[in-house]
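First comes the structure, then the notes that go with it.
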Amino acid sequence: MYRMKEDFLQEWTIASQGTLKVLEALTDDKLDQAITEGHNTLGWLGWHLATSLAFFGGQVGLKVEAAGGPNDVPSRATEIVLAYRQASEQLKQEVEKWTDEQFVEAVDSFAGKVPRGSLLRSMIDHQTHHRGQMTVLLRQAGLKVPGVMGPTQEDQM
């Protein structure tokens, strides 16, 4: 749980940059890549990350605009990157207006009454989870997997 604005902003900067690296590795022709038939695709996962920031932001009282509906997955990878970049920046700018005290205030959410800082921790965990799924799909699709939390096999060759 985050209790201080600066702690969240520092981690958000690193986490969002990592997610951008993964999203920037997408190509239009591989957005339909899934682990197997009927599972989430690279495009859906990327769009989910871009649009879920508005959901989590709304839960804690931030104004973050979603670029579209959760199932309106674009056919162009650059649209996913742009949507994530804009939502991520909006989220950061909104949090910068907060005081440290606002991080420990409990708000009503899908999980019941929860401190804002706890929901923001869940948002980053959610993003990291899906980003990991995407790295597997990137490799399966034959795309370069970017180093996010350390070098990848491709980085060591």
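The values are calculated or read from the model by the stated rules, or taken from the named source; none is laboratory data. Values in this document were obtained by computation on a predicted structure and should not be read as measured data. Cβ: placed from backbone, ideal geometry, glycine included. Neighbour counts: every protein chain shown.
Based on this model, can you work out whether Q102 counts as at pLDDT 95 or above and farther than 18 Å from D7 by Cα? No; evaluated as a whole, the condition is false for this residue. Criterion applied to A83, A50, A87 was being closer than 16 Å to T128 by Cα and part of a helix (DSSP H, G or I), and the one residue passing it is A50. Return yes or no: is K113 out of contact with any Cys (no Cβ under 7 Å at 6 or more places or on another chain), basic (K, R) and free of Cβ contacts under 8 Å to residues at least 40 places away in the same chain? Yes.
The set of residues in segment 7-41 being within 27 Å of A106 (Cβ to Cβ), of a type in the set (D, E, K, R) and either without any contact (Cβ under 8 Å) to a residue 12 or more places away in the chain or touching a strand residue (DSSP E or B) at 6+ places or on another chain (Cβ under 8 Å) (or both) consists of D7 alone. Restricted to segment 1-54, and to residues there that are within 21 Å of E154 (Cα to Cα), among the β-branched types (V, I, T) and over 17 Å from the mean Cα position of the chain (by Cα), the residue that is surrounded by the most Cβ atoms within 10 Å (Cβ to Cβ) is T27. Just to be sure before I move on: is V95 farther than 20 Å from W47 by Cβ and touching a Phe, Trp or Tyr at 6+ places or on another chain (Cβ under 7 Å) in the structure I sent? Judged against the criteria, V95 is a match.
Among the residues of segment 120-152, those that are more than 13 Å from the chain's Cα centre (by Cα) and either among the polar types (S, T, N, Q) or part of a helix (DSSP H, G or I) (or both) comprise T135, V136, L137, L138, R139, Q140, T152.
Each residue in segment 79-101 was checked for being surrounded by 13 or more Cβ atoms within 10 Å (Cβ to Cβ), more than 15 Å from the chain's Cα centre (by Cα) and free of Cβ contacts under 8 Å to residues at least 40 places away in the same chain, and 1 of them qualify.
Every residue in segment 93-114 that is outside any strand (DSSP E or B) and within 13 Å of G58 (Cα to Cα), please.
The initial filter retains those residues of segment 93-114 that are outside any strand (DSSP E or B), namely 93-105, 110-111.
The answer is E94, V95, F110.
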